Ligand SMILES: [Mg+2]
């Protein structure tokens, strides 16, 4: 039986779309030291936690989209990545009271092609699969949304999903995000 109240909630979530930010992880939230997969390897980018808090306070949904070919390479597991993301959210909550709304990671790498991760081929940036999957499951307002990444492959993935991409070359992420928000 359909619950009319749930029906209404569903309708509301469909019509009220939110501006959203897609963040690459390594090189944007934490220093990219290569194949980061455990909490002891997380060295936060200056201003990263504050940037997430600012975006959440401004009403943005905040997502992480990260290539994790280390899984296909057998360097670490999906469980380790998921544990790490949960830990990162705990740290974000502790510092600013805000956290990432959802994470997507692509375990795939073309040089380590096997059956297990074949379905994630289109999730590996520069393909837009991770962004499109989030857009399908969350009420994302494409026109008011943007991505921040530190590589051209991030920007290409954003463009392929019809999202504006901003290239972050290091420095303070809060300053970078403030400048983007001021320009919009
Ligand atoms: Mg990166």
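Taking the conditions exactly as written (away from the ligand (no atom under 14 Å from the Cβ), at pLDDT 95 or above and in contact with a helix residue (DSSP H, G or I) (Cβ under 6 Å, 6 or more places away or on another chain)), does residue 39 satisfy them or not? In short, yes. Scanning segment 126-166 for residues that are within 16 Å of the ligand (Cβ to nearest atom), in a strand (DSSP E or B) and over 13 Å from the mean Cα position of the chain (by Cα) yields a single hit, 166.
The residues of segment 24-34 that are in a loop (DSSP other than H, G, I, E, B) and either closer than 16 Å to residue 173 by Cα or within 10 Å of the ligand (Cβ to nearest atom) (or both), listed by number, are 24, 25, 27, 28, 29, 31, 32. Screening residue 122 with (1) in contact (Cβ under 8 Å) with a residue 40 or more places away in the chain; (2) farther than 15 Å from residue 64 by Cα gives one miss only, at (1). Of all residues in segment 104-116, those that are assigned to a helix (DSSP H, G or I) have Cβ atoms under 7 Å from Cβ atoms of residues that are surrounded by 10 or more Cβ atoms within 10 Å (Cβ to Cβ), 6 or more apart or on another chain, in 112/72; 112/73.
For segment 72-103, a residue qualifies if it is within 16 Å of the ligand (Cβ to nearest atom) and either touching a strand residue (DSSP E or B) at 6+ places or on another chain (Cβ under 9 Å) or in a loop (DSSP other than H, G, I, E, B) (or both), and the qualifying residues are 81, 85, 88, 100, 103.
Residue-level check: of (1) in contact with a strand residue (DSSP E or B) (Cβ under 7 Å, 6 or more places away or on another chain); (2) not in a strand (DSSP E or B), residue 37 misses just (1). For residue 176, the requirement of being in contact (Cβ under 8 Å) with a residue 24 or more places away in the chain, within 16 Å of the ligand (Cβ to nearest atom) and not in a loop (DSSP other than H, G, I, E, B) is met.
The values are calculated or read from the model by the stated rules, or taken from the named source; none is laboratory data. Bear in mind that the values here come from a model prediction, so they are computed numbers and not experimental data. Neighbour counts are summed over all protein chains in view; Cβ atoms, including those assigned to glycine, are modelled from backbone coordinates with ideal geometry.
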